[in-house]
Amino acid sequence: MFEHKIINVEIRTNIALAPFTTLGIGGPADQYIEAHSESDIVDAFAYAHENRVDVFVLGGGSNVLIADEGFRGLVIHIKLRGVEYQPEGDEIVVTAGAGEDWDPFVEAMVDQGLAGIECMSGIPGYIGGTPVQNVGAYGQEVSETIVSVRCYDRTTRQIIELGNDQCGFSYRRSIFNTTERDRYVVLTVRYRLKPGGSPKLGYADLIEAVGPDAEPTLSQVREAVLAIRRRKSMVIDPADINSRSAGSFFKNPIITEAAFAELQGVVNSKVPGFPVANAHVKVPAAWLIEKAGFQKGHRHGSVGISESHSLALVNRGGGTAREILELKEKIQAEVREQFNIELLTEPVFIGFGR
């Protein structure tokens, strides 16, 4: 083990990472710490730099696939907590630590009548992951309410604040997972929420669930979202093997209108699609996967496709990262071959190729 003098938190060795992930897959970390403060994070990176140790920053583990061999370096597990409220005009700016659990946070905001994130109920993971993926569900995205993101900049070794317009938000994307990937570590996120605001009803499934003529409360929308997600096994439940996943494993592809017309010609039937900006169409990845021959419940060794949701790859018990990768590649290859569409993945892949 490396000697260290500057870090003020305990470094543990050979710590299994699978229990920290919703997939329940992943080998051990050579070194592991829990960071409960900004100074813990600064010290941990100083230690890693001084000792030339690779770093992986772990949050809620809901959007990650860790290699069976684990991670050869230091895992910094984000545990920054705390929620603060600041009135600004007729809105409330809520600042939350990156280590806060997302769904209990959503529940608390809904209970207080603060609108803006209710449709994202039931999504597993930590606050810190929400700006990275521009988390969204049922027509609502965190980019609509994020004011700023406080970060540790690994390049300059400074703590900075990035405004919404600096985060480069788009569908499931931000600078944190694209142009500046691995540069910033999220410390806190500030959300602008509306007291007494109306819930957002933008998706047909949700409108149908609450009733087309209803004027639901935030709580009713939250419960409707949770009910929909439970039917799809997209709410973490130890009793439901289909919820042992990393959520949606594939992104809904966004293609040009011309490519969409070509796709309809290939399948010779109506293809579901949702218009988006700049003459593009979002096609449901689940529809493509099923049309390519991979049905709900499909098995590959000890892993498979959820029986409840075609987008979720699940660990059926004793599954390995190698099996997940094999299934992923089979699905991508068939969709590419049949529809000339490349399915992109949602989770972050850690420890592969080392």
Practice problem: Would you be so kind as to identify which of Asn252, Tyr203, Leu187 lies farthest towards the positive end of the dipole of segment 182-301, taking Lys and Arg as +1 and Asp and Glu as -1 on Cβ and the Cα centre as origin? | Solution: Leu187
Self-check item: Whole-percent carbon and sulfur share, accessible surface of segment 148-190, 1.4 Å
Solution: 39 percent
Quiz item: So for the chain, taking the charge dipole from beta-carbon charges (+1 Lys/Arg, -1 Asp/Glu), which of Tyr171, Leu263, Gly113 sits furthest toward the positive end?
Solution: Leu263
Quiz prompt | Inter-part distance where segment 80-143 and segment 239-311 are each reduced to a Cα centre, Å | solution = 27 Å
Practice problem: Could I have the simple spin-label model distance between Ser302 and Lys270, label points 7 Å from Cα toward Cβ, reported in nm to one decimal? | Solution: 4.4 nm
Quiz item: Counting alpha carbon pairs within less than 8 Å and at least 6 residues apart, what relative contact order, in whole percent, applies to segment 148-195?
Solution: 46 percent
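Taking 0.36 nm per residue of separation and subtracting the Cα-Cα distance, what length does fully extending Ala204 through Ala277 add? If you can, show how the numbers build up before the last one.
Numbers: separation 73, 0.36 × 73 = 26.28 nm, distance 1.96 nm.
Computed gain between Ala204 and Ala277 is 24.3 nm.
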Exercise. Leaving out ligands and nucleic acids, note down the accessible area per residue over segment 207-337 with a 1.4 angstrom probe, in whole Å².
Key: 49 Å²
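Given a Förster radius of 25 Å and the C-beta distance between Glu290 and Glu69 as r, what FRET efficiency does 1/(1 + (r/R0)^6) yield to the nearest 0.05? Walk me through the intermediate numbers first.
Values: r = 33 Å, r/R0 = 1.31.
So, using R0 = 25 Å, E works out to roughly 0.15.
Dipole of segment 51-202, Cα-centred, from +1 at each Lys and Arg C-beta and -1 at each Asp and Glu C-beta, to the nearest 20 debye?
Working: 15 positive and 20 negative charges, 107 e Å.
It works out to roughly 520 debye.
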Quiz item: Taking only the alpha-carbon positions of segment 12-93 and ignoring solvent, what does the Debye formula give for the base-10 log of I(q)/I(0) at q = 0.12 Å⁻¹?
Solution: -0.42
Self-check item: Projected label distance in nm at Glu215 and Arg52, using a 7 Å step from Cα toward the beta-carbon
Solution: 6.7 nm
Quiz prompt | Only Lys, Arg (+1) and Asp, Glu (-1) charged, at Cβ; segment 1-120 dipole about Cα centre in debye | solution = 600 debye
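Given charges of +1 on the Cβ of Lys and Arg and -1 on the Cβ of Asp and Glu, with all other atoms neutral, how large is the dipole of segment 206-282 about its Cα centre, in debye to the nearest 20? Write out the running numbers ahead of the final one.
Details: 9 positive and 8 negative charges, 64 e Å.
In total the dipole reaches around 300 debye.
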Quiz item: Among bridges DSSP assigns within segment 48-121, what percent are antiparallel (round to 5)?
Solution: 60 percent
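Per the 1.4 Å probe, what fraction of the accessible area of segment 258-349, in percent, lies on carbon and sulfur atoms?
Details: 2140 of 4370 Å².
About 49 percent, which is the carbon plus sulfur part of the accessible surface.
Where does each of 91-98, 342-349, 161-168 land if you order them by average Cβ count within 10 Å, highest first? Provide the component values of the computation, followed by the final result.
Numbers: 91-98: 21.6, 342-349: 17.1, 161-168: 15.6.
For the peptides 91-98, 342-349, 161-168, the packing ranking is 91-98, 342-349, 161-168.
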Quiz item: Label-point separation (nm) for Phe352 and Arg183, each offset 7 Å from Cα along Cα-to-Cβ?
Solution: 2.5 nm
Practice problem: Mark the label point 7 Å from the Cα of Lys194 along Cα→Cβ and return the residues of segment 81-95 whose backbone N is within less than 17 Å of it. | Solution: 88-94
Self-check item: Cα-based shape type of segment 129-258, given that a ≥ b ≥ c are square roots of the gyration tensor eigenvalues and the cut on a/c is 1.5
Solution: prolate
Self-check item: Residue with peak Gaussian network fluctuation, the chain [Cα springs, cutoff 10 Å], from Arg172, Arg244, Arg52
Solution: Arg52
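Leaving out ligands, DNA and RNA, and with a 1.4 Å probe, what % of the accessible surface on segment 8-49 is carbon or sulfur? Could the numbers behind the result be given before it?
Working: 820 of 1680 Å².
Its accessible area is 49 percent carbon and sulfur atoms.
The values are calculated or read from the model by the stated rules, or taken from the named source; none is laboratory data. Values in this document were obtained by computation on a predicted structure and should not be read as measured data. Note that we place each Cβ from the backbone using ideal geometry, even for glycine, and neighbour counts take in every protein chain shown. For the accessible areas, the whole protein counts, side chains as well, though only heavy atoms, and no ligand, DNA or RNA atoms are used. Shrake-Rupley method; radii C 1.70, N 1.55, O 1.52, S 1.80 Å.
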